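The values are calculated or read from the model by the stated rules, or taken from the named source; none is laboratory data. Given the structure is predicted, the values throughout are model-derived calculations rather than measurements. We work out accessible area using only protein heavy atoms, side chains counted, and drop any ligands, DNA or RNA first. Shrake-Rupley method; radii C 1.70, N 1.55, O 1.52, S 1.80 Å.
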Amino acid sequence: MVALIPMDTEHEAYLRDESRSTGSADSISFPRDEAEIVAVLQRIREAAGDGAPAPVTVQGARTGLAAGAVPGGGHVMNLSRANRYLGLRVDEDGVYCLRVQPGVVLAELRRHLADKSLPVHGWSSDDLRALERMYAGPEQFFPTDPTETSACLGGMAACNASGARSFRYGPMRPHIRGMRVVLADGDVIALRRGEVRACGRRLRLQTESGRKLDLSLPTYDMPQAKNASGYYIADDMDAIDLFIGSDGTLGIISELELALSPVPAFTWGVSCFLADERAACEVTEAVRASISDTTAIEYFDADALDILRRQRALGAAFSALPPLADAWSCCVYVELSCAERERALSDLALLGKILVAHGGSVADTWVARTDTDRETLRFFRHAVPESVNMLIDERRRTDPAITKLGSDMSVPDGRLHDVIALYRSTLADAGLESAAWGHIGDNHLHVNILPRSMEDYAAGKRLFARWAAEVSRMGGAVSAEHGVGKLKRDFLATMYGEEHVREMAQLKRQLDPWCQLGQGNLFDVELARGGDRA
Ligand SMILES: Cc1cc2nc3c(=O)[nH]c(=O)nc-3n(C[C@H](O)[C@H](O)[C@H](O)COP(=O)(O)OP(=O)(O)OC[C@H]3O[C@@H](n4cnc5c(N)ncnc54)[C@H](O)[C@@H]3O)c2cc1C
């Protein structure tokens, strides 16, 4: 039987995630499957008697950046041990669909697919036949690519994670074919994409115990930009989309079915170093408009490159980074993937022309064509957020209240120059230290403010609130990929307005009347329970 372990010093790490905020909890469990998830919920209900059951915060790998997995009291349900591979089928279009538990780690999934070594314990003969066919055919991969590969698939689904390659492949959402979700009362909903749709803004669901739910969906329209802010809502939407990106607030994902994709024959990563940010925006727009094989367009600003230069000079973990010339002031990374070498070469030639037209040159460009080259580039991209985290940890030694302030906002195509101008002018006015990087192809940069003092920290927070308002006015999203969690919930009201956030809370109460799951995510507790903001 799964244990509810009283919270103790041995489990302190489970009070934190990568947002570097810390919470509190009374107990923790590590269920290994859906039956154990249901059992934990039942014991928590029994312990409460006639009162409200304790809050439950679900965790995957705790790599989230919005404190969604940080508990605010009650129970922590950590699903990292529910990590089995459950089976495989081929759909009618020949797509391989892999069933996994939520605790499967992305890096391991990738390795098993590349090595053809998926653990098959307990698979049926149909599953094994599908596997044999898959291994005999072109290599498959899972396209969603958050930089942090230690994330779990369940956490990635709960955040609708995305990453560099989402420029071509989109976020998690389109790659999720099926899902099993345990509701707060222990009932289960099984969802398969295409099977249950809303009628306008009414969604009727049936649980496995036969209970019928008639949900009234919020009335807002989502932005025409990359978005991970609040619930996914649209007329006639697929029911599965409501649970993807719901930040652990509507139900516990106990199983996922993932659509795999064939690995493109040629993938070349091109790091283009440029002299100024305007050129970087123009290169982005030109690549977006003219090279259809582009899978990723990423950006690193001058401050991000400077941080890498400093880390490299310090040696140790970052000594493997290639040298960065002083003249380089920013970098646009373009990834091209296609089936034929000739086409890859002509894409590369076109990219070369675009670069030269914007002040770039062959000498200022790295092209990665082999696995080893690509690995170096991956290390380079991961080193930026890692270095910033290390810098902040150093500053926290002087003032432990300081944390990194990382933005995650996006705007629609056509507003890239405007949003960058906004960031630059307001950062300069406030005199704040920062570093920006991220998914410029989706008009989505992570601007990280690096506070040197609590005054800087307060100024940075004011700036973020201003950006949230301006980005919302531009038709963008306050969180494009990390989710709202606990850290960005004020911005949700900025983006959608208080009334629409109240509608989201109402929707949550229809599925989780005690507001037990993911307490503090998206809304504060009072608002979630139907009161006004505390
Ligand atoms: C260096 C670095 C770079 C990153 N880059 C990116 C990036 O490019 N793109 C991106 O999207 N993210 C990025 N992230 C953030 C993070 O990796 C993702 O948000 C990831 O999807 C979280 O997965 P996890 O398993 O760690 O989830 P956790 O952090 O454990 O949980 C995240 C949220 O999901 C909920 N949750 C977890 N499991 C379940 C479940 N089974 N059922 C219901 N709810 C659940 C939690 O309650 C919480 O609200 C980065 C993080 C780091 C540290």
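On the protein heavy atoms, probe 1.4 angstrom, tell me the percent of accessible surface of region 106-258 carried by carbon and sulfur. Carbon and sulfur together cover 48 percent of it. In the complete set of protein chains, residue-level accessible area for HIS175 is approximately 20 Å², probe 1.4 angstrom. Note that region 414-534 carries a Kirkwood radius of 15.8 Å, evaluated over its alpha carbons pair by pair. Ligands, DNA and RNA aside, THR370 has an accessible area near 70 Å² when probed at 1.4 Å. Region 124-182: D in µm²/s via Stokes-Einstein (Kirkwood Rh, Cα pairs, 4 °C, 1.567 mPa s)? The estimated diffusion coefficient comes to 98 µm²/s. The listed residues ASP50, ASP8, once ranked by accessible area (1.4 Å probe) with the largest placed first, stand as ASP50, ASP8. A 1.4 Å probe run over region 266-473, with the rest of the protein chains in place, finds 42 Å² accessible per residue. Note on region 266-473: Rg/Rh from C-alpha atoms, Kirkwood Rh, equals 0.98.
For region 311-421, the direction-averaged projected area of the alpha-carbon convex hull comes to 10.3 nm².
Angle of helix 341-357 to the longest C-alpha principal axis of the chain, folded into 0 to 90 degrees and rounded to 10: 60°. Quick check on the chain: helices-only [θ] at 222 nm, where DSSP H runs of length 4 and up contribute -39,500 (n - 2.57) each and the sum goes over total residues. Nearest 500, please. Helices in the chain give a 222 nm mean residue ellipticity of -11000 deg cm²/dmol.
Over the chain, the ratio between the Cα radius of gyration and 2.2 N^0.38 Å evaluates to 0.96.
Of the residues HIS444, HIS382, ranked by 1.4 Å probe accessible area with the largest first, the sequence reads HIS382, HIS444.
Seen against the Cα atoms of the chain and their longest principal axis, helix 125-136 is set at about 0 degrees. Within the accessible area of region 266-473, the carbon and sulfur atoms contribute 53%, probe 1.4 Å, all protein chains present. Accessible surface computed residue by residue for region 1-101, with neighbouring protein chains in place and a 1.4 Å probe, gives 43 Å² per residue.
Of all the accessible heavy-atom surface of region 1-91, with the other protein chains kept in place and a 1.4 Å probe, what percent is carbon and sulfur? Roughly 47 percent of what the probe reaches on region 1-91 is carbon or sulfur. Just so you know, the Cα atoms of region 130-272 work out to an Rg and Dmax of 16.8, 57 Å. Measuring how big region 1-157 is from its alpha-carbon positions, Rg and Dmax come out at 18.0, 57 Å.
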